[in-house]
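The values are calculated or read from the model by the stated rules, or taken from the named source; none is laboratory data. On a predicted model such as this, the values are computed, not experimentally measured, just so you know. Cβ: placed from backbone, ideal geometry, glycine included. Neighbour counts: every protein chain shown. All accessible areas refer to the heavy atoms of the entire protein, side chains included, with ligands and DNA or RNA removed. Shrake-Rupley method; radii C 1.70, N 1.55, O 1.52, S 1.80 Å.
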Amino acid sequence: MTENRHYRALELDKILAMLADCTGCDDSRRLALETEPKTTLREAQRLMDRTADAFMLSARFGAPTLRGVKNVTGSLKRAQMGATLSLPEFLDIERFLKALREMKDFRNNYEGEKETSLDEYFESLMPNIRLEEKIGFTVVSEDEVSDTASPTLADIRRKIRNSQAKVKEQLDKLIHSNTYSKYLQEPIVTMRDGRYCVPVKSEYRNEIKGMVHDTSGSGATIFIEPAGVVDENNETRVLKAKEQQEIQRILYELSCDIGNHAASFIEDYSAIVELDLYFAKARLASRMNAAVPTLSDDGKVHLSKARHPLIDKHKIVPIDISLGNDYDVLVITGPNTGGKTVALKTIGLLTLMAMCGLMIPAGESSSVSVFESVFADIGDEQSIEQSLSTFSSHINNTIKILEKADDRSLVLLDELGAGTDPIEGAALAVAIIERLKLYDAKVAATTHYAEIKMYALQTPRVENACCEFNVETLSPTYKLLVGVPGKSNAFAITERLGMDTGVVDRARELVSAENANFEDVVEKLEKSRQELEKEHEKAEAYRRETERIRLEIAKEKEEMERNREKELEAARISAKRLVEQVRAEAQKLIDEITETQKAADAESSADMIARARAQMKTGIGRIQDLADPIAAKENGYKLPRALVRGDTVRINGMSKDGTLVGLPDGAGYCLVQTGIVKSKVHISELRLIENKGKKNTLGGGSVTKSIESASRRKAASEVDLRGMDVEQGLLEMDRFLDECVLLNLNTVSVIHGKGTGALRAAVHQALKRNKAVKSFRLGVYGEGETGVTIVELK
């Protein structure tokens, strides 16, 4: 940020320093400190949109960071010109490429989400994983190239290790031999000028043949390379030279590869630095619990629950303050240390923050105007060197402000007219405010002068405000009250501090009647305001309690409705499942009855099928009604009396009558016999048929008789189990015996064949257990002998 005394007076530089601390690299930190408030709505809105999107992404996916990333632009340009980069430069570029890849991966996290204003930065990023991995495989540290850099380098280093191992092996034998160990200063192998040597006592220098490479400072030790290892050491030296040549070749190739991508990398670096700055703004907003204000350029500022960002958010009292809506000039009065200057700085600082694209510590309903100029004269700026008093310093600043202010200016003046004669100071303050009002500038000023309060009361578009003060505790509450002129509390404070009452009373007498009346009016207004505020707080508490109860009732109602729907749905599903089960059972019954056509004539089997179909339809209809408890069908018929066994009843949906042979059970189901078929029917589906006389089988009435053919009676009196296994045969025999009981047959035949006798034995065991069987025997000659069992039924 360029030097601007007005911005510094509002402490914008401290906010930018906080922003810089949230950045991840030196360049984004520099951008943070150089941030300038934008003076056009378009530019400020663009910055705010990017900050808001960064804040949203950080909240949902976390924020990327550039920790440890350095400016690699210079290295990239050197590589582009063909220079070989150093190992530290390669490591810096690798860290940059890693940060570039992570930034691009972060963008992929919200793939498919709505577009953001940061997408243009993310989409311009072009990470190069191949080059990132190549640097990682090549450079181990700032001093070492990896063996994996190339097969040739790995082979050379292997040969170097083998050569050095041979040298050490020979030297180890020498220093541990009985012949030579006595000539050595110490039994160790050391290195001088890149060659392995042994420390020899100077008096024995001729006992060990070789090359002298060094001597100790005292001259007592000579470092000799034994002749036996000279050739091997030479070989090592040659290999070392080849190693350096290979390393230079590898690094040059890698530098050229980086140089080919340098242009795009430089653009990517600028993009990720910009992104880091916006995410730093998001981090700062999170720390301040800030919100995105609505921006405009109409000169209107409305701050809801605004907090000064440099004061502890747990201690500061939020204020509501406006400017440019109902009034263009706000005059703030109140005692010293009561919060007037803080309120003034809050307006100016939050406006500058919004113009910098920073979210502000205020409510979400806040709005800020973008101004072309923000002027502030705050604090004591007296200058000894320039022989300026406090008053002179303030006047100098005010003169400069008056020269530059216009309708797109925000002017903040602290203690306007202070430091000189009160009457003249007050008159001068009013004149300054009038001039700024004439320019259509937006003005907020603090003062102690009653004349300025009166001016605000009498002048359109000028409003009073005060910082509340508690006389009982002699401390400010820091609440800003707009529309109320501040009362001077000098006399009350003096009395509370213990001043003689006679002195205070005399002081009151010396105050002009006009001022005294004004202070009395202000005092009455203040009392009325406090009473109204208490009533408002009570009403607000009642409203909140009512709203809480309403929400609880709505929540409970919604929960009950949700549970009701769940239960109804579960009931419907259960009932539908039951319907399907009954449908299947009914169809099975029809299939079984159809089989009885073998044993009955066409007329009786048709009747049987009709009754079964009617019963199935009735049962399914009843269960379908149960499947929807909301739409239960009404049944207007009620039984005239309780049913008894033998009653003639009619089943709903059937045209034939039946006889009640079983009273209702616990679930309301009765056993009804219609012809030869017995079925369970719910009592609600029955109608009592009264005065129904019994048919006279001897005379006076019609007699119904079924005549069966001999072939049908024979077919119905025997069952053939041959060809079935035991399980199938027993099932078929049980079904056959049940039908015979319904047909009132006394003697029947079960044909099981002779075979192995296994089926016959199983049939006999089953007949012993069957309660409907009176006795059974094997057939005799003419009946089928041992292949048939004759069964007598009860």
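Just want to confirm a number: the relative contact order over the range 384-461, from Cα pairs under 8 angstrom separated by 6+ residues, in percent.
RCO, the range 384-461: 34 percent.
Taking the Cβ of Glu783 as the center, what net charge do the other residues with Cβ under 12 Å away carry, scoring Lys and Arg +1 and Asp and Glu -1?
Computed value for this residue: -1.
For the range 183-200, take each phi angle, set θ = phi - 60°, evaluate the Karplus expression 6.51 cos²θ - 1.76 cosθ + 1.60, and give the result in whole Hz per residue in order, putting x for glycine and proline.
8, 8, 5, 8, x, 9, 10, 10, 10, 9, 6, x, 10, 6, 9, 10, x, 10
For Arg249, Arg722, write out the residues from largest to smallest accessible area, computed with a 1.4 angstrom probe and no ligands counted.
Arg722, Arg249
With every protein chain left in place and a probe of 1.4 Å, what is the accessible surface of Leu19, to the nearest 10 Å²?
Probe radius 1.4 Å; accessible area of Leu19 about 0 Å².
Assign one of three labels to the range 330-461, namely rounded, prolate or oblate, based on the Cα gyration tensor with a ≥ b ≥ c the square roots of its eigenvalues; rounded applies when a/c is under 1.5, prolate when it is not and a/b is larger than b/c, and oblate otherwise.
Prolate.
Go through Ile316, Ala290, Ala280 and say which Cα lies farthest out towards the positive end of the charge dipole of the range 279-326; charges sit on Cβ, +1 for Lys and Arg, -1 for Asp and Glu.
Checked the options; the winner is Ala280.
Which order do Tyr478, Tyr327, Tyr204 take by accessible area at a 1.4 Å probe, largest first?
Ranked from most to least accessible, the order is Tyr478, Tyr204, Tyr327.
Can you give me the solvent accessible area of Val301 with a 1.4 Å probe, rounded to the nearest 10 Å²?
For Val301, solvent-accessible area is about 0 Å².
Could you check how much of the accessible area of the range 260-416 is carbon and sulfur, as a whole percent, using a 1.4 Å probe?
Carbon and sulfur together cover 46 percent of it.
For each pair in Lys77/Lys240; Lys70/Lys104; Lys38/Lys77; Lys315/Lys345; Lys14/Lys104; Lys305/Lys437, compute the distance between the two Cα atoms and list the pairs where it is over 21 Å.
Lys77/Lys240; Lys38/Lys77; Lys14/Lys104; Lys305/Lys437
When only C-alpha pairs under 8 Å and at least 6 residues apart count, what is the relative contact order of the range 68-202, in percent?
16 percent
Calculate the length of the line joining the C-alpha centroid of the range 555-585 to that of the range 41-94, in whole Å.
Taking the Cα centre of the range 41-94 as reference, the centre of the range 555-585 is 59 Å away.
Could you work out the relative contact order of the range 262-363, using alpha carbon pairs under 8 angstrom and six or more residues apart, expressed as a whole percent?
Across the range 262-363, relative contact order equals 37 percent.
Rank these by accessible area, largest first, 1.4 Å probe: His261, His536, His308.
These residues rank, largest area first, as His536, His261, His308.
Which ³J(HN,Hα) values, rounded to whole Hz and listed in residue order, are derived for the range 23-33 from phi using the Karplus coefficients 6.51, -1.76 and 1.60 in 6.51 cos²θ - 1.76 cosθ + 1.60 with θ = phi - 60°, glycine and proline given as x?
7, x, 8, 5, 6, 5, 5, 4, 4, 4, 5
In square angstrom, rounded to the nearest 10, how much accessible surface does His394 have for a 1.4 Å probe?
30 Å²
Whole-Hz ³J(HN,Hα) for each residue in the range 44-53, computed from phi via Karplus 6.51 cos²θ - 1.76 cosθ + 1.60 with θ = phi - 60°, x for glycine and proline: what do you get?
In residue order, the calculated couplings are 5, 5, 4, 5, 5, 4, 5, 5, 4, 5 Hz.
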